[in-house]
Structures are given as structure tokens and as C-alpha cells.
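What follows is one structure encoded as C-alpha cells, with my remarks underneath.
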Amino acid sequence: MSSLSQPTESIIITAIIKRVISIHSFVSIIKKKKSVNQSPTERPSQFCDHFMNALMKLGRSYLIDTNDFLWKTHNLPPLPQGAYFVVLDVEALYPSIPIQDGVNATKNQLNIYRCLRGAKPSNESIIELLEQVLTKNCFVFNGQHYRQIRGTAMGTKCAPAFANIFMNEFEEKFVYTYHIQPLVWFRFIDDIFSIFVCSRQEIESFVDYLNTRKLPISK
């Protein structure tokens, strides 16, 4: 069986920086995030998602849906003069996440927020099942069978939670520790809406900094 890998190991973030941006242009992005899957690993994926779904919502930037985004932006205080609206996109997030690093991020979150002694199933069992879901994803392209060895399939049930948990740790490590902080930072999976009060050059330097960070987040 052949293996298919992603050539890059760096997160690629593109930015649109504007003084004024239509909120509805970002809303349209959120509405497009939908997929369906009926693969053999879907039941195990659903089981993992049951436990991971709550973890992904703990991220500071987490957006539930369009209404959540509109509510949060509607309740923002008046913005200072010279503020920039910045829309960021993490390109090809799902297939770019190193499996082991995403698993480690999930394990860290489970051990922090699901730490009851004797909990059934155990965190170790959930992680073991998640590894099976992520490493046994096979597909056919041009008549040849492949096994995905990097990232997660976009259609599998736990993919959004897996990607969100990974990005939560990425943000904690690289966004919230940066010397210039955004006034607003909302994220829907790989689409980010932010507001900065600084120069355009400083924003571009921040985006460049994120693009120098490697995807692996293991300690």
C-alpha cells in the first residue's frame, strides 16, 4: 500500500488586512464548513468526538457558528481610531497537522480537564482509539490505494475537534505569547477574524512570525 505525505511542515497563514471589512464576508466562510463521511472508522471517530468536542470549546478564540460570531462582534466596545481588521486563514489545516502532535495536544487536554480517577473509558483508551482513526484512513486515487500518514481526513467526525484542539495549543504557544497582542482574536477552525491596534508593518511581522513556527507542538 502506498503512502501519501504532505511536503511542507510549516503552518501557512495568509492575511487580508483592511481598515474596513464586511462582517458578512467572514460569515460566508463559516457557513461553508460542512462535510459528511461514512468510512469504516466513522463509528470510532464518533466515539472519540464525544469526548473531544467539549475540549475544543475551551479555546479562547473558539467560535461556535455564525450566530456566535455575530453576537460577539455586535457586543464589541467602540474600536480605537486606526484599528485594523485582519482576516487570517490557515491553509490546508486538516491534512497538515502532524498526527502525533495533534494526538499529544488531545492527550494534554484530556489529562487536564478529564482527570477523574477511574473514569471509563480511560483517557489512554480514548487516545489509543483516536490513533487508530487517524492512522487507518485509506482512500483511492486514480485507481491506486493510499493510506493517509499526515493530518486527518476532512470528513471524519472527530476532525473538527482534532483540528480545534491542535490550534488551541498553537495559539497558546505562539499567538498569546507574542509581544503585540490582538484586541480581538476569533477563530472558526482555520479561519481567523482579528482586530489589531498597531501599524500595518507590525501586523505583517506578526503573520511572518506565525509562518516561521513549525507545526509540531510537542514539548
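If the chain between Ile180 and Leu76 were fully stretched, how many nm would it gain, using 0.36 nm times the residue separation less the Cα-Cα distance?
Extra length from Ile180 to Leu76 when fully extended: 35.5 nm.
Between the range 141-219 and the range 86-131, what is the separation of their alpha carbon centroids in Å? Cα centres, the range 141-219 to the range 86-131: 15 Å. In terms of its alpha-carbon gyration tensor, the range 69-126 comes out oblate; a/c meets the 1.5 threshold, while b/c is at least as large as a/b.
Given the peptides 110-119, 188-197, 147-156, arrange them by the average over their residues of other C-beta atoms within 10 Å, most packed first.
188-197, 147-156, 110-119
By the Kirkwood approach, averaging reciprocal distances over each pair of separate Cα atoms, the range 103-218 gets a hydrodynamic radius of 16.8 Å. Phi angles across the range 132-148 convert, under the Karplus curve 6.51 cos²θ - 1.76 cosθ + 1.60 with θ = phi - 60°, into 3J(HN,Hα) values of 5, 4, 7, 9, 10, 8, 10, 8, 10, 9, 6, x, 10, 8, 10, 10, 6 Hz, Gly and Pro given as x.
Could you calculate the FRET efficiency of Glu124 with Ser199 from 1/(1 + (r/R0)^6), where r is the beta carbon distance between them and R0 is 45 Å, rounded to 0.05? The formula returns an efficiency of 0.40 here.
Evaluating 6.51 cos²θ - 1.76 cosθ + 1.60 at θ = phi - 60° for every residue in the range 49-64, the Karplus couplings come out as 4, 4, 8, 7, 4, 5, 5, 5, 7, 7, x, 5, 9, 4, 10, 6 Hz, glycine and proline recorded as x. Given a 1.4 Å probe and the protein chains as shown, Lys173 ends up with an accessible area of around 90 Å².
For Val207, the solvent-accessible surface computed with a 1.4 Å probe is close to 10 Å², ligands and nucleic acids excluded.
Amide H contacts of Ile149: Leu4, each under 5 Å away and 5 or more positions distant or on a separate chain (H built 1.01 Å from N in the peptide plane; Pro and chain starts excluded).
The values are calculated or read from the model by the stated rules, or taken from the named source; none is laboratory data. Please read these numbers as outputs of a predicted model, since none were measured by experiment. In this analysis, Cβ positions are derived from the backbone assuming ideal geometry, glycine residues included, and neighbour counts consider all displayed protein chains. All accessible areas refer to the heavy atoms of the entire protein, side chains included, with ligands and DNA or RNA removed. Shrake-Rupley method; radii C 1.70, N 1.55, O 1.52, S 1.80 Å.
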